[in-house]
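The values are calculated or read from the model by the stated rules, or taken from the named source; none is laboratory data. A quick note: this is a predicted structure, and the numbers were derived from the prediction, not measured. Here the Cβ positions follow ideal geometry from the backbone for every residue, glycine too, while neighbour counts run over all protein chains shown.
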Amino acid sequence: MIKILGIESSCDETAVAIVADGHQIFANVVSSQIDTHALFGGVVPEVASRLHVQAIGIVLKQALLKAGFSLSEMDAIAVTQGPGLAGCLHIGVQAAKTLSWITGKPLVGVQHILAHIIANRLEQPLQFPLLALVVSGGHSELIYMESPLTYRYLGGTQDDAAGEAFDKSARVLGLPYPGGVSIDKKAKQGTPRYPLPKVHTEKPLDFSFSGIKTAMINLVNQKKQQGTLVIADAAASIQKAIVDQLLEKTRTALEQVAVKQVVLAGGVAANSELRERFAVELAAAGVEVVLPPLYCCTDNAAMVAAAAYDKYLAGDFADLSMAADPSYEL
Ligand code: KG4
Ligand code: ZN
């Protein structure tokens, strides 16, 4: 059994997990900063870094206690190297390097987006080749994967990420942070009756969300002036527009690549309309649909330890000169 200790600190969650053989979770501890950032209406990088420093030692201790292992029983130490907020990533990377040094165990740097995709393996085996739709606060991407370590970028956002469109729309509607969660809740009470523009991108597999986000802001301001704004209907409209585009591009990608599975990943994968429609509409395309369980949509370290397993098997290790890479591309 190969046991990997994973660390995640790329944004507003401080997390440590212990995962065996890339899928068996022994501990998965997450300390969320959401309550603090909600006071500011979004993640404040400097505040986030300080909170990671406060939390990391305690979260590490809890994970080891929960798993019932000692540090010396780990086979490797893994950490999110990027992408993410520079100051936040540094805390996790520094902690991982220290642990690797004192235990003499290999160090593995993990790409955050890849970890979101591999998170699905915590629940069910992944079958390759697969197509992954990654949707989070910073990313909207379609990735074709031949194996856990070989992948090809098919398309991505040209402007805002899907999560960002959710978050900004929530803000203009006066709904609390994190916006995606608020829109999801509100949309359940509304009807998507407000028209939002259809999106055109130069490349068919790219995404664009800034147009619908701006149209949404204008629409809300106009309805507010008229005194006719129905917040639930606005939430349902923006959610539908975002999900429509995500599904349309994924369907187009499925026409271009032959895959065994289509996999959803990232923070926005928690969205109830996206989950329902992803399952129904993409199953109609004749591939197996894989949805991540809710606990691994939010940033966590189990996905980091899981993704590190394949690099561990390939002997792809980092040394103590490893640095956080805030714009680490796939
Ligand atoms: O993956 P994640 O935790 O952080 C990044 O790596 O970016 O994703 C966070 C994003 C936020 O934009 C948040 O609003 C969105 O995921 N999100 C949701 C839902 N839950 C979280 N968006 C839509 N519906 C949800 N239920
Ligand atoms: Zn994430």
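Going by what's in this entry, would Ala86 be described as within 26 Å of the chain's Cα centre (by Cα), crowded, with 18+ Cβ neighbours inside 10 Å, modelled with pLDDT of 95 or more and on the phi < 0 side of the Ramachandran plot? No; evaluated as a whole, the condition is false for this residue. Check whether at least one residue in region 253-274 is outside any helix (DSSP H, G or I) and of a type in the set (Asp, Glu), and report yes or no. No, that holds for no residue. Scanning region 155-176 for residues that are under 17 Å from Gly266 (Cα atoms) and more than 13 Å from ligand 2 (Cβ to nearest atom) yields Gly155, Gly156, Thr157, Asp160, Ala165, Phe166, Asp167. Selection of region 27-46 for residues being farther than 17 Å from Pro293 by Cβ, touching a residue at least 40 places away in the same chain (Cβ under 8 Å) and surrounded by 19 or more Cβ atoms within 10 Å (Cβ to Cβ) yields His37, Val43.
Just for region 278-330: of the residues that are charged (D, E, K, R) and closer than 18 Å to Asn120 by Cβ, which one is nearest to ligand 1 (Cβ to nearest atom)? Restricting to residues being charged (D, E, K, R) and closer than 18 Å to Asn120 by Cβ, the top hit is Asp299.
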